[in-house]
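The values are calculated or read from the model by the stated rules, or taken from the named source; none is laboratory data. These figures come from a predicted structure and were not determined experimentally. Note: ideal-geometry Cβ built from the backbone for every residue, glycine included; neighbour counts use all protein chains shown. Surface accessibility is based on the protein's heavy atoms, side chains included, excluding ligands, DNA and RNA. Shrake-Rupley method; radii C 1.70, N 1.55, O 1.52, S 1.80 Å.
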Amino acid sequence: MTTAAQRKTDIGPPSYEQFLPPVIKQNYGRWKYHEILRPGVMVHVARSGDKLYTVRAASSRLMGIERIRRFADLADKYCGGYLRFTSRHNVEFLLTDQSKIEPLIADLARLGHPVGGMGNAISAIVHTQGWVHCHSAATDASGVVKAVMDDLHEYFVERKLPAKLRVALACCLNMCGAVHCSDIAILGVHRRPPRVQGGLKRICEIPNVIASCPTAAIRPATVNGEPTVEIDEANCMFCANCFSVCPALPLADPLNDGISIWVGGKVSNARSEPTFSKLAIPFIPNNPPRWPEVVTSIRRIVEVWAKGARPFERMGEFIERIGWPRFFQEAGIEFRKEHIDDYRYAGLSYKRSAQLRH
Amino acid sequence: MAQSGNNGTPLLDELEKGPWPSFVTQIKEQAAKNAMCKDLLALLERSYREKVGHWKHGGIVGVLGYGGGVIGRYNDLPEEYPHIAHFHTMRVNMPSGWFYTSASLRTICDIWERHGSGLTNMHGSTGDIILLGTTTDQLEPAFRELTEAGFDLGGSGSAVRTPSCCVGPARCEWACYDTLHLTNDLTHTFQDELHRPAFPYKFKFKCSGCPNDCVAAIARADMSIIGTWRDDIKIDQAEVRAAAQAGLDIHRDVCARCPTQCMEWDGNTLAIDDANCVKCMHCINAMPKALAPGDDRGATILLGSKAPIVQGAQLSAVLVPFVKLEPPYRELKDLVQRIWDFWCENGKNRERVGELVQRVGLGNFLEAIGVEPLPEMLAYPRDNPYVFYEEYLEAEGDEGAAEPAAQ
Ligand code: SF4
Ligand code: SF4
Ligand code: SF4
């Protein structure tokens, strides 16, 4: 065989089967029930009577290989080398020996990884790249998450909320990570229309650029004899679709970029149907490194819900019950014109009944 | 705390305080031995100071024969931050359910130590292992070592994106089909569509084992495959009583919260009118020891969810109310193929499948892919009378009208 022939392609991911611990292989599809034993620790009991203990710890999502190697060491020390990650960037250690739970948690604490995020708690914040690695970001991602989770830490390591709390952050409307169905969504927003850079025609296809805009705010233009585009600023809602297809239309702007906060979405079908998050706070300016205004606003929203919700009531179910006007009032949020939808189907969100609380 | 960069990182240092794991600490740890991470730290500090990012659009970079899997990234100040002038991301397709052995993680770490920044995301938004930051010349060597170790790249661009799933039957008693097996099977079946973008835009699969939808399939996948069941919820009455004794208010917190009010509790026995149960999972979540999904298990297939870009966000809508999902999943794959055929033929550039359905209308879309319309597909039937009938009757000898009015 030649070297070229040895280059492998399209092999796909390795089969998950080789990574399953024996207790899972033996009880695959035959689990009977589970119980949360303490914050961040649950046991799954199989029909065979076998038990699998899961210890869930927070990660920073952005991790160096040294830290992953430490996780591998812990997996070797406590669970035969088996571990997994969750869709929310938590790491889970899979144990069969109950007596190893406490020492594992102690080791994780020494490494700086709190254990929790299960049941009626906040889980880790799903998030995107932000200023660390994204061209489109209107805010940082990891820094905001770190500041918010430092503040809400108690709700991660304890189970004292009425229901689960799912928070997600996307650093722009592209929403890698589709945050739009979260109890609380933190969304980076631009507020200044794209500035057309010179020489646009050399790097972008003008018809593509025009077609990319959902509100038809981009028109062909000629500047200094060269074809380019111009932006009808009154029609721009800062979605950055144009920037996605054409780098010569940047929107990022330190004075006008920041964060919006959305609440009451969910994906689970339990009780109420899955639903989008709705706008709570239109804009908070970026205030790195710790975004204190974002942190306090979110805490206030969480506390209003934690105090007023009935058992099992998710954020959106709670707000539906008490009504949005009262939610705004209790959360101390000023209601503004921006709360009123003015895009497609906007009228669906208008209140068309006389059922109001006075 | 370690000093990094020429002037230190006073702003980022603030993010090393507090109980939550710090990404800054992670970057610093790598910066101590990797010049890329040192530059990254300095550039990020600058972004924190200036409140603006410094990354440019990706150019086309990748590995031979693939049209995706690598996200090209360049900073806009390459003279000042030369080690991250190129800082490309490799998306590595994770194993289904994100299960690993320590050995497999170490292998990936070793490869990334040799060929990249040593920084990762565990995991990216779509589910891939994200290897964050390397130079163009390292892509091919890293890819070669990854494939030698049994890993391959995930999707990017206008292609099938890396499918993902919940933990499913590996650990969850509620899984109504084998989410891991299906995800792995779909990923392997569609390797070409995943590695060589040929669609109008991206296409995502997400597989959740039950209506709790732990991987947010209904919000984040063009095709959302959500496990469910058709027969009766299994009840262990003794365990129901035990839950009540342990303090659960079954009437208030279970029955009254059932969306169809199909449960009754007389203090001794729980009765469920299963014909009216919509399989929401609430009661089962509330009493995991007492209740369980039935035995006739399968999935609901929903189509079209997406984030706002381009035309606005959507949740997926029901396409197949119930299907049994067993290997080799032929029925499902045929359906997928018919959807792709229609989308590739009719979709505009950057039009997701959900937006196409919205544009052509669900009725026309169903006709095109050969699926019968069903009332389960709707929240309610239309409430506007502007109906596009495609034909009308003509009295014999009526010469007045020629062709049916085209619309
Ligand atoms: S940001 Fe969006 S609305 Fe504004 S010009 Fe670009 S595409 Fe159009
Ligand atoms: S989606 Fe359902 S089956 Fe899958 S892990 Fe979540 S609860 Fe279990
Ligand atoms: S699963 Fe939901 S709809 Fe069905 S009985 Fe339980 S609570 Fe009611």
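Does A:D151 meet the test of being more than 11 Å from ligand 1 (Cβ to nearest atom) and either assigned to a loop (DSSP other than H, G, I, E, B) or surrounded by fewer than 18 Cβ atoms within 10 Å (Cβ to Cβ) (or both)? Step through it out loud before you land on a result.
Details: more than 11 Å from ligand 1 (Cβ to nearest atom): yes; either assigned to a loop (DSSP other than H, G, I, E, B) or surrounded by fewer than 18 Cβ atoms within 10 Å (Cβ to Cβ) (or both): no.
When the stated conditions are applied, A:D151 does not pass them.
Keeping to the stretch B:275-285, report how many residues are part of a helix (DSSP H, G or I) and within 8 Å of ligand 3 (Cβ to nearest atom).
Residues meeting the conditions: 4.
Hey, could you check the stretch A:236-276 for residues that are of a type in the set (S, T, Y) and either crowded, with 24+ Cβ neighbours inside 10 Å or touching a Leu at 6+ places or on another chain (Cβ under 9 Å) (or both) and say which is nearest to B:A216 (Cα to Cα)?
A:S268
Scanning the stretch A:231-285 for residues that are touching an Asp or Glu at 6+ places or on another chain (Cβ under 6 Å) and among the polar types (S, T, N, Q), which turns out farthest from B:C258 (Cα to Cα)?
Per the stated criteria, the residue is A:S268.
Can you find, within the stretch B:129-148, the residue that is farthest from the chain's Cα centre (by Cα) among those that are open to solvent by less than 10 Å² (accessible area, probe 1.4 Å) and of a type in the set (S, T, N, Q)?
Ranking the qualifying residues of the stretch B:129-148, first place goes to B:T134.
Every residue in the stretch B:291-306 that is assigned to a loop (DSSP other than H, G, I, E, B) and surrounded by fewer than 22 Cβ atoms within 10 Å (Cβ to Cβ), please.
Taking the stretch B:291-306 as the starting set, the residues that turn out to be assigned to a loop (DSSP other than H, G, I, E, B) are B:293-296, B:304-305.
Scanning the stretch B:291-306 gives B:G294, B:D295, B:D296.
Going through the stretch A:74-99 one residue at a time, which ones are surrounded by fewer than 17 Cβ atoms within 10 Å (Cβ to Cβ) and of a type in the set (K, R)?
Within the stretch A:74-99, just A:K77 meets the criteria.
Going by the structure shown, is B:P293 within 26 Å of B:D236 (Cβ to Cβ), in contact with a His (Cβ under 9 Å, 6 or more places away or on another chain) and within 16 Å of ligand 2 (Cβ to nearest atom)?
Details: within 26 Å of B:D236 (Cβ to Cβ): yes; in contact with a His (Cβ under 9 Å, 6 or more places away or on another chain): no; within 16 Å of ligand 2 (Cβ to nearest atom): yes.
So B:P293 does not fit the description; no.
In the list A:K278, A:K266, which residue meets the criterion of being within 14 Å of chain B (Cβ to nearest Cβ), within 16 Å of ligand 3 (Cβ to nearest atom) and within 29 Å of B:S316 (Cβ to Cβ)?
On the way: A:K278 fails: within 16 Å of ligand 3 (Cβ to nearest atom).
Result: A:K266 is the single residue among A:K278, A:K266 that is within 14 Å of chain B (Cβ to nearest Cβ), within 16 Å of ligand 3 (Cβ to nearest atom) and within 29 Å of B:S316 (Cβ to Cβ).
Return the residues of the stretch B:28-47 that are under 15 Å from B:L119 (Cα atoms) and at the interface with chain A (Cβ under 7 Å from one of its Cβ atoms); say none if nothing qualifies.
B:E29, B:Q30, B:L44
Would you confirm, using the coordinates I've provided, whether B:V310 is of a type outside the set (F, W, Y) and surrounded by fewer than 20 Cβ atoms within 10 Å (Cβ to Cβ)? Let's see the steps before the verdict.
Values: of a type outside the set (F, W, Y): yes; surrounded by fewer than 20 Cβ atoms within 10 Å (Cβ to Cβ): no.
Judged against the criteria, B:V310 is not a match.
Can you tell which of B:E113, B:E50, B:E79 is at the interface with another protein chain (Cβ under 9 Å from one of its Cβ atoms) and more than 30 Å from the chain's Cα centre (by Cα)?
B:E50
Can you tell me which of (1) away from ligand 2 (no atom under 16 Å from the Cβ); (2) in contact (Cβ under 8 Å) with a residue 24 or more places away in the chain; (3) of a type in the set (S, T, N, Q) is the one B:N276 doesn't meet?
(2)
Sort through B:C176, B:C172 and tell me the only one that's within 16 Å of ligand 2 (Cβ to nearest atom), outside any helix (DSSP H, G or I), surrounded by fewer than 24 Cβ atoms within 10 Å (Cβ to Cβ) and not acidic (D, E).
None of the other options fit; the residue is B:C172.
Answer yes or no: is there a residue in the stretch B:152-167 that is surrounded by fewer than 24 Cβ atoms within 10 Å (Cβ to Cβ) and part of a helix (DSSP H, G or I).
The answer is no, given that none of the residues of the stretch B:152-167 is surrounded by fewer than 24 Cβ atoms within 10 Å (Cβ to Cβ) and part of a helix (DSSP H, G or I).
Could you tell me which residue of the stretch B:145-178 is farthest from ligand 1 (Cβ to nearest atom), considering only residues that are more than 10 Å from chain A (Cβ to nearest Cβ) and closer than 20 Å to B:D213 by Cα?
By that ranking, first place goes to B:C176.
Exactly one of (1) open to solvent by 70 Å² or more (accessible area, probe 1.4 Å); (2) of a type outside the set (K, R); (3) touching a strand residue (DSSP E or B) at 6+ places or on another chain (Cβ under 8 Å) is unmet by B:E367. Its number?
(3)
Restricting the stretch B:242-259 to residues that are open to solvent by less than 50 Å² (accessible area, probe 1.4 Å) and in a loop (DSSP other than H, G, I, E, B), which is nearest to ligand 3 (Cβ to nearest atom)?
Top of the filtered list is B:C258.
Return yes or no: is B:G5 under 29 Å from the mean Cα position of the chain (by Cα), more than 22 Å from A:P254 (Cα to Cα) and at pLDDT below 95?
Criteria not met by B:G5.
When you scan the stretch A:1-88 for helices (runs of 4 or more DSSP H) that lie fully inside it, which ones turn up with 2 or more residues that are under 30 Å from the mean Cα position of the chain (by Cα) and within 7 Å of another protein chain (Cβ to nearest Cβ)?
A:65-79
Find the residue count for the stretch A:191-228, including only residues that are within 11 Å of another protein chain (Cβ to nearest Cβ) and either buried (at least 16 other Cβ atoms within 10 Å of the Cβ) or within 16 Å of ligand 3 (Cβ to nearest atom) (or both).
5
Select the helices (runs of 4 or more DSSP H) contained entirely in the stretch B:313-407, then report the ones holding at least 3 residues which are under 30 Å from B:N276 (Cβ atoms).
Filter on the stretch B:313-407 gives B:330-346, B:362-369.
Just one of B:V323, B:V254, B:V318 is away from ligand 2 (no atom under 16 Å from the Cβ) and facing chain A (nearest Cβ under 9 Å); which is it?
Values: B:V323 fails: facing chain A (nearest Cβ under 9 Å); B:V318 fails: facing chain A (nearest Cβ under 9 Å).
The unique qualifying residue is B:V254.
With respect to B:P288, determine if the residue is at the interface with chain A (Cβ under 9 Å from one of its Cβ atoms) and surrounded by fewer than 16 Cβ atoms within 10 Å (Cβ to Cβ).
When the stated conditions are applied, B:P288 does not pass them.
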